[in-house]
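Here's the structure, in structure tokens; my notes come after.
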Amino acid sequence: MTTLSQRPANPVVGQAIPHESAALHVTGAALYTDDLVVRTSGVLHAHPVQAPHAHARVTRLDPAPALRVPGVVRVLTAADVPGVNDAGVKHDEPLFPSEVMFHGHAVCWVLGETLEAARLGSLAVEVDYEPLPSIVTIAEAVAAQSFQGGQPRLERGDVEAGFAGADHVFSGELDIAGQEHFYLETHCSLAQVDEAGQVFVQCSTQHPTETQDIVAHVLGVPSHAVTVQCLRMGGGFGGKEMQPHGYAAVAALGAILTGRPVRLRLSRTQDITMTGKRHGFHAQWRAGFSHEGMLQALDVTLTSDGGWSLDLSEPVLARALCHVDNAYWVPHIRVNGRIARTHKTSQTAFRGFGGPQGMLVTEDLLGRCAPLLGIDPVELRRRNFYREGQETPYGQQVRHAERAVACWDQVLAGGDVVARRRAVAAHNATHPHTRRGLAVTPVKFGISFNFTAFNQAGALVHVYKDGSVLVTHGGTEMGQGLHTKMLQVAATALGVPLSSVRLAPTRTDKVPNTSATAASSGADLNGAAVKDACEQILERLRPLREDPANAGLSWSELVGKAYFQRVQLWAAGFYRTEGLHWDSTAMHGSPFKYFAYGAAAAEVEVDGFTGAHHLRRVDIVHDVGDSLSPLVDLGQVEGAFAQGVGWLTLEDLRWDESDGQTRGRLATQAASTYKLPSFSELPEVFNVALLERAHEDGAVYGSKAVGEPPLMLAFAVREALREAAAAFGPPGTSVDLACPATPEAVFWAVEQARGGATPPGQSPVVEGGTGVVPAQPDSGAPPLAPRSERLARTGER
Ligand code: MTE
Ligand code: MOS
């Protein structure tokens, strides 16, 4: 046991303070990367030439006509790359491709004095393509056996014996939607070169170190020649974990070749057509239950749509496999995973990182099977919860399983769920054209990177002679409030007021070799590193502090005195999470420091004529440990929940699956056709509470990660929609609900409940049907691609 989680008296952590940049955000004064362009002189602007094919060979590329366009300065092509022509970590992402792999793929970049000149130049570049056959859907990829990466299997117990002993066996399928990040700030980099060839890239990136790595290898220079700084991001949500690197490299290459600053900012249309999204998944499952509804056996095959390159698809899939269990004990379980290779954007990290897709499979099947088992879904879920001492399918103890129960019970009580479900039933008995549903779902989410090496962080704390403090740490700020928490941690650790501490932007020459700010672990990792640095400084000050002659000195007087005694007043802090181990081949170990828990109750109303629905009330209890910053955490819970509701009920990525000219084109390219959640989709009544008395031993000041887990609380909304749709049919009706549950999808569920057709794209749950379970990926599946030379670039996570 360390003292990491212990708080001193009157700590600054735990105070409900606003986000450190809230005033700057709302007044427009906050600087984002692109705001630096007007403060920089001589900037060139980059514009891509995007291919109009899902799959094609580039047979001719002639930049000459573009160079005749006024204002065009240079066209960047593969021939210009001094290092490696690759933007990824798996060596499968040519930065300047000779083979177009998705509709909208950039084949070269034009630099202009103005963005308009660069745009006109991009239209003048002559490119000939030889179209090739393309694969757009998971089904097409499966038919063509088009897969990429490893095909992991997670297994525990004796699955066949589990099914043999089950009283009921059901099977079904589910198509799980992808999701566009739609961060308000699109991808952006601004690169400059100094007199010695040192490259400085300002970038909207969640992973400055990896941006640095990729820029360095594209330029063919060592990492010390590249510095990456991230002021802040206008949202990342996982979309800037790996995808900024190539754009940063293009800007850096342009800066090297022209000697001028180069700005590359994607327009919304470019961003949505070029960058990766949440992975869509296809799931096939078979589930065995006892008469009492206890899960006996589960067999799932997950096929994710990785798009054209691997990117983070393997670790996303691994997290999906590790989260199929959600909060439930399943004695016999097998989950197979594989990644389809399709001609689409390279799908990537998105809040939850595969966890949501894995968990949705089980929440969906519980919702579908409950009526068939004749068990109330609230009861069915509760019965199957983990108990203390049980292990996950990958062999980790489920510590604090009772917290799931605590969240659940508090949601039921605080949300007055029992009485309100009676009211829902009464409404449904008297309203022929509208039906209501009220569902409750749990969340259990593992915190830490599965890839053990990423669970480290650094910080640099400077105490100046006047006692003021400047903190730099390895994490990035994307709106999630990490910097706010780090200020509170530093003030607490040093015992100084918040006003004495200031944060410097994240940069790779201050804190090197950082991990992505991801996996919700930013505060856990960087907070512990900041605390470590502060404690080193305090330790050096100890003789002075303990000297009775100095009693009564203020902090700044003490620090001033220390300076004259030549005490080092700054320190580099470091932290690594102990006790983690993970075998990614066996899919076994204890990859997570702890689990975050939560529960949500959601009530919806559905219109039987149209499937239109609205959220009447939501109650949430979520476990963030002892909160470092309660306002920030509440905002994270609300925001994640809303983003989950968007994913599950509104946001509908449509790709052209026809055989026409525009095959593979993303049809939903803008907010006009891609519906995002907004205030109007928020529940009429929205009660969010943080679980109390939730101290987490072994995490910084007893807190827990918050960024991703609450997204999955939105399952309650989807299950409420299912129950409302089912209520159009006789009692005991089981309905299949497409994902996303748009009004159209809900309409089809209502039709199914009324005895009509199965929702399009959904196969009904069949009892006992083992026939639908697919052939398992054969055990001779190709092993994971060989590791590249540097750990941080293995593409693991
Ligand atoms: N909150 C805001 N406002 N903007 C974001 O981009 N990203 C989410 C989450 N919350 C995000 C956010 C994701 S995907 C993660 S992994 C975490 O924040 C990362 O930050 P943390 O580790 O500091 O929680
Ligand atoms: Mo978050 S998807 O781990 O960046």
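Just checking, which of Thr758, Thr742 is of a type in the set (S, T, N, Q), in contact with a Ser or Thr (Cβ under 8 Å, 6 or more places away or on another chain) and either under 16 Å from Asp652 (Cβ atoms) or at pLDDT below 95 (or both)?
Just one listed residue meets the conditions, Thr742.
Which fully enclosed strands (runs of 3 or more DSSP E) of the stretch 242-339 have 1 or more residues being under 30 Å from Ala79 (Cα atoms)?
Counting at least 1 such residues, we get 262-265.
Taking the stretch 491-510 on its own, how many of its residues are open to solvent by less than 10 Å² (accessible area, probe 1.4 Å) and within 16 Å of ligand 1 (Cβ to nearest atom)?
Residues in the stretch 491-510 being open to solvent by less than 10 Å² (accessible area, probe 1.4 Å) and within 16 Å of ligand 1 (Cβ to nearest atom): 1 in total.
Report, by residue number, each residue of the stretch 661-685 that is farther than 18 Å from Ala602 by Cβ, open to solvent by less than 40 Å² (accessible area, probe 1.4 Å) and assigned to a loop (DSSP other than H, G, I, E, B).
Scanning the stretch 661-685 gives Arg663, Gly664, Thr668, Gln669, Ala670, Tyr674.
List, please: which pairs have Cβ atoms under 9 Å, are six or more places apart or on different chains, and start with a residue in the stretch 345-363 that is in contact (Cβ under 8 Å) with a residue 40 or more places away in the chain and end with one that is away from ligand 2 (no atom under 14 Å from the Cβ) and of a type in the set (Lys, Arg)?
From the stretch 345-363, the pairs are Met359/Lys444; Leu360/Arg718; Glu363/Arg381; Glu363/Arg718.
Is there a residue being of a type in the set (A, V, I, L, M, F, W, C), closer than 30 Å to Glu155 by Cβ and within 16 Å of ligand 1 (Cβ to nearest atom) anywhere in the stretch 579-592?
Checked the stretch 579-592: at least one residue is of a type in the set (A, V, I, L, M, F, W, C), closer than 30 Å to Glu155 by Cβ and within 16 Å of ligand 1 (Cβ to nearest atom).
Are any residues in the stretch 443-494 among the charged types (D, E, K, R), within 26 Å of the chain's Cα centre (by Cα) and over 16 Å from Ala529 (Cβ atoms), and if so, which ones?
Of everything in the stretch 443-494, just one residue is among the charged types (D, E, K, R), within 26 Å of the chain's Cα centre (by Cα) and over 16 Å from Ala529 (Cβ atoms), namely Lys444.
I need the full set of residues from the stretch 111-133 which are of a type in the set (S, T, N, Q) and surrounded by fewer than 21 Cβ atoms within 10 Å (Cβ to Cβ), in order please.
Thr114
So, Phe715, is that one open to solvent by less than 50 Å² (accessible area, probe 1.4 Å), among the aromatic types (Phe, Trp, Tyr) and away from ligand 2 (no atom under 16 Å from the Cβ) or not?
Judged against the criteria, Phe715 is a match.
Run down Arg319, Arg368, Arg382 and say which single residue is within 16 Å of ligand 2 (Cβ to nearest atom), charged (D, E, K, R) and closer than 23 Å to Glu719 by Cα.
Arg319
Of the residues in the stretch 36-62, how many are open to solvent by 60 Å² or more (accessible area, probe 1.4 Å) and out of contact with any strand residue (DSSP E or B) (no Cβ under 9 Å at 6 or more places or on another chain)?
Matching residues across the stretch 36-62 total 3.
Counting just the residues of the stretch 227-240 that are part of a loop (DSSP other than H, G, I, E, B) and more than 11 Å from ligand 2 (Cβ to nearest atom), which one comes out farthest from Leu184 (Cα to Cα)?
Checked the stretch 227-240; the qualifying residue farthest from Leu184 (Cα to Cα) is Leu231.
Taking the stretch 241-257 on its own, how many of its residues are away from ligand 2 (no atom under 16 Å from the Cβ) and either among the polar types (S, T, N, Q) or touching a Cys at 6+ places or on another chain (Cβ under 7 Å) (or both)?
The number of residues fulfilling the criteria is 1.
Does the stretch 594-637 hold any residues that are open to solvent by 10 Å² or more (accessible area, probe 1.4 Å), in contact with a Lys or Arg (Cβ under 8 Å, 6 or more places away or on another chain) and among the hydrophobic types (A, V, I, L, M, F, W, C), and which are they?
Val632
Would you pick out the residues in the stretch 340-359 that are part of a loop (DSSP other than H, G, I, E, B) and within 15 Å of ligand 1 (Cβ to nearest atom)?
Answer for the stretch 340-359, where residues must be part of a loop (DSSP other than H, G, I, E, B) and within 15 Å of ligand 1 (Cβ to nearest atom): Gln347, Thr348, Ala349, Phe350, Arg351, Gly352, Phe353, Gly354.
Quick check on the stretch 574-589: of everything there that is over 28 Å from Ala714 (Cβ atoms) and in a strand (DSSP E or B), which residue is least open to solvent (accessible area, probe 1.4 Å)?
The extreme case among them is Gly589.
Would you check which residues across the stretch 564-573 are in a loop (DSSP other than H, G, I, E, B) and open to solvent by less than 20 Å² (accessible area, probe 1.4 Å) and list them?
Leu569, the sole residue that qualifies.
The values are calculated or read from the model by the stated rules, or taken from the named source; none is laboratory data. Predicted model, so just to flag it, every value in this text is computed and none were measured. Cβ sites come from the backbone with ideal geometry, for glycine too, and all protein chains shown count toward neighbours. Surface areas here come from the heavy atoms of the whole protein model, side chains and all, with no ligands, DNA or RNA. Shrake-Rupley method; radii C 1.70, N 1.55, O 1.52, S 1.80 Å.
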